[in-house]
Amino acid sequence: MGWFRRITGRINGRIVTVAVHDVFMAALSFELAVWFRYQTYGKPQEFFFLWHGTATFTVVCALVFWRMGLYRGIWHYASLSDLIAIVKAVTLSILIYLPVMFILDRLEDFPRSAMILNWPLLVAFLMASRLLYRFSKDGNLRAVFERADDGLVPVLLIGAGDEAETFIRGLARDRLASYRVVGVVDHKRTRIGRDIRGVTVLGGLDEIEAVVEGLERKGRKPQRLIITWPKLDGAAIGRLLEQAESLGLSLSRMPRLTDFQSGEKGGEKGGTRLEIQPVQLEDLLGRPQQVLDRDAMRALISGRRVLITGAGGTIGAELARQIAAHAPAHVSLLDNGEHALYRIDLEFAESWPELSRRPILGDVRDTERLAVVFAQERPELVFHAAAFKHVPMVEDNPNEGVLTNVMGTANVARACQSADVRVMVQISTDKAVNPTSVMGASKRIAEMICQDLSLSSSNCRYVTVRFGNVLGSTGSVVPLFQRQLARGGPLTVTDPEVTRYFMTTREAVELVLQATATAPTGDEGGKIFVLDMGKPVRILDLARQMIRLAGLTPEVDIPIVFTGLRPGEKLYEELLHDGEAPQPTTLAGVNLAAPRVIDHELLGAQVEKLAAAARARDTAQTLAVIRHLVPEMLIGPDQPKAAKAVVQAE
């Protein structure tokens with residue numbers, strides 16, 4: 001008997017219990033079907049008068065159920081798949097039983113119609129027990145109607161508002177939907193336990209881990225978290241990304257409501273596919289959407305001739321796009337890079353083919369070229385975005401940085417004054433505040449030039465707008481990280497504590513246009529519009545978030561290497577100098593700052609001196625004049641050797 005004990009010892013006790021239950025239900029359903037048949041038609045009979053038929057049916061069912069794996073199902077996870085398996089097993093049992101009984105006794109005195117009743121009875125008995133058991137564990141039966149092998153990705157929604165309801169409704173309408181919502185978490189405790197279109201709010205935002213574990217115990221673990229609450233801030237999204245990584249889940253966000261509306265009607269095959277979108281870096285910024293006065297922006301641009309310098313760059317190209325949307329009379333796209341200019345001109349040809357435009361190859365350093373361009377294009381609005389902005393590169397080439405950033409700005413500003421341009425907008429940077437680089441100092445001098453003209457010019461309004469880094473701009477850290485990720489790492493960070501301000505290109509340009517469109521208050525002369533950049537972002541955190549967004553684990557899949565600050569770089573950037581007291585404006589997200597203004601005559605003389613040194617490629621003299629014009633320029637261990645030599649000589 002040792003062999004028998006070894007075999008039975010390997011048999012799971014629960015499987016034996018399930019087998020006994022199912023065999024008993026087979027016998028009970030057969031007896032009830034025969035009893036009911038004789039109670040309603042013919043002479044009533046006692047139970048078990050066809051005991052041999054009951055026994056045979058029970059044996060057949062026991063063998064078929066075992067062969068089809070019916071006993072292996074876990075009742076806690078009973079679902080439509082189990083119902084389908086039960087229907088198949090019962091049908092096969094009856095189809096086998098009838099010929100067996102025919103062979104044994106030719107089916108004499110056997111009520112064949114009883115088998116018609118036996119089929120639904122046995123299916124109901126087997127499934128009812130499983131459903132009752134699952135209901136006792138889960139408290140609801142909604143999950144029963146979700147097939148585990150339906151090919152849909154189980155998802156947990158973050159946010160129980162209108163957007164979640166729209167998402168769930170959209171899935172119900174989309175016959176090709178790829179997702180199945182298994183639950184919702186929300187920031188409002190009062191919503192926990194309530195349903196949205198049959199989907200239960202299972203917990204709060206701080207209970208995601210417990211909710212996921214609970215779903216996993218029920219065999220419904222989500223594979224993805226989907227953000228359906230649009231007001232979730234960047235810090236919270238960052239924490240969600242970390243939680244998703246620790247739980248082995250991916251994080252996405254739902255399409256915007258306009259995506260649903262555009263697909264409401266659908267096509268012949270049942271509508272538009274409902275596809276979620278990956279979380280982007282701009283989502284991690286979590287910056288609230290500013291209320292924009294688009295009517296004022298349209299009034300500024302509509303029907304006017306606009307010139308954009310640096311039109312092929314990140315800011316210049318976005319300026320061109322947003323300006324094109326406000327129906328200008330003509331757009332002049334000026335850039336010294338042929339390929340960049342070709343790309344933005346091609347985009348205009350495809351997106352705004354009816355808009356009058358002209359791509360112009362030219363350099364803002366070239367005063368003669370600018371004179372010809374202004375005479376031919378007759379711009380009313382000028383947006384000056386042309387600049388060298390890569391800090392280490394300008395450190396290595398300070399004269400070229402000065403000629404473009406300082407003299408180029410001076411050339412454009414003077415051309416605007418001569419051509420009676422209504423408004424010139426100068427795009428500046430946070431690196432102009434307490435600069436530690438030639439690039440930052442050159443942009444500060446460019447600000448001073450426009451400030452001076454703003455105070456002295458009567459025919460042209462000069463607007464300077466200062467903001468920080470733009471996500472994804474050419475030469476910035478985000479494209480660098482993306483390139484390093486594509487190569488498999490490592491990601492290089494200069495210092496663990498380095499921070500930067502970030503803003504999306506779209507938001508930066510919208511606020512630039514908003515500031516420009518605002519009616520002058522009379523006291524903005526010489527002042528600088530400073531965009532509210534929110535909180536600075538630690539570059540190390542940004543690197544980790546980008547690795548997580550790629551579905552990888554920081555320091556495990558992709559290493560992070562610290563390389564040290566490069567020449568001209570600071571640990572942190574500032575938007576305002578200590579002497580620039582910010583003043584609020586009527587625009588959300590925009591402040592005014594009043595930097596120190598140098599004497600007009602002195603500024604003009606020093607700028608010409610700087611231009612002469614830069615044209616002569618006299619680096620020492622160039623840096624000496626920069627230092628004179630920008631005395632707050634900081635000298636640190638990261639400052640170029642030439643600049644240090646000039647300071648020591650002084």
Exercise. Among the small types (Gly, Ala, Ser) and either under 23 Å from the mean Cα position of the chain (by Cα) or in a helix (DSSP H, G or I) (or both) - does that describe any residue in region 419-429?
Worked result: no
Exercise. Filtering region 167-185 down to residues that are at pLDDT 80 or above and in contact with a helix residue (DSSP H, G or I) (Cβ under 7 Å, 6 or more places away or on another chain), which residue is farthest from residue 206 (Cα to Cα)?
Worked result: 179
Seminar exercise, completed: Among helices (runs of 4 or more DSSP H) entirely inside region 284-373, those with 3 or more residues being in contact with a Gly (Cβ under 6 Å, 6 or more places away or on another chain) are 338-351
For this session: Can you tell me which residue among 543, 588 is of a type in the set (Gly, Ala, Ser), at pLDDT 85 or above and either buried (at least 19 other Cβ atoms within 10 Å of the Cβ) or not in a helix (DSSP H, G or I) (or both)?
Result: 543
Exercise. On the given criteria, is residue 465 farther than 26 Å from residue 568 by Cβ and buried (at least 17 other Cβ atoms within 10 Å of the Cβ)?
Worked result: no
Exercise. Is it the case that some residue within region 480-493 is within 26 Å of residue 388 (Cα to Cα), surrounded by fewer than 18 Cβ atoms within 10 Å (Cβ to Cβ) and more than 19 Å from the chain's Cα centre (by Cα)?
Worked result: yes
For this session: Report, by residue number, each residue of region 203-223 that is touching a residue at least 40 places away in the same chain (Cβ under 8 Å), outside any loop (DSSP other than H, G, I, E, B) and touching a helix residue (DSSP H, G or I) at 6+ places or on another chain (Cβ under 8 Å).
Result: 205, 208, 212
Seminar exercise, completed: Only one of (1) in contact with a Pro (Cβ under 9 Å, 6 or more places away or on another chain); (2) at pLDDT 75 or above; (3) surrounded by fewer than 13 Cβ atoms within 10 Å (Cβ to Cβ); (4) assigned to a loop (DSSP other than H, G, I, E, B) does not apply to residue 632, and that is (3)
For this session: Check region 352-364 and report whether any residue there is out of contact with any Pro (no Cβ under 9 Å at 6 or more places or on another chain), crowded, with 20+ Cβ neighbours inside 10 Å, under 24 Å from residue 469 (Cβ atoms) and at pLDDT 95 or above.
Result: yes
For this session: Check region 465-480 and report whether any residue there is farther than 19 Å from residue 382 by Cβ, of a type in the set (Ser, Thr, Tyr), touching a Leu at 6+ places or on another chain (Cβ under 7 Å) and touching a residue at least 60 places away in the same chain (Cβ under 8 Å).
Result: no
Exercise. Is there a residue in region 442-456 that is under 28 Å from residue 540 (Cβ atoms) and among the β-branched types (Val, Ile, Thr)?
Worked result: no
Exercise. Right, residue 372: free of Cβ contacts under 8 Å to residues at least 12 places away in the same chain and β-branched (Val, Ile, Thr) or not?
Worked result: yes
Problem set entry | Residues located in region 67-83, provided they are farther than 18 Å from residue 23 by Cα and either at pLDDT 75 or above or outside any helix (DSSP H, G or I) (or both) | 78, 79
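The values are calculated or read from the model by the stated rules, or taken from the named source; none is laboratory data. Values in this document were obtained by computation on a predicted structure and should not be read as measured data. A quick note on method: Cβ atoms are made from the backbone with ideal geometry, for glycine too, and the neighbour counts reach across all protein chains shown.
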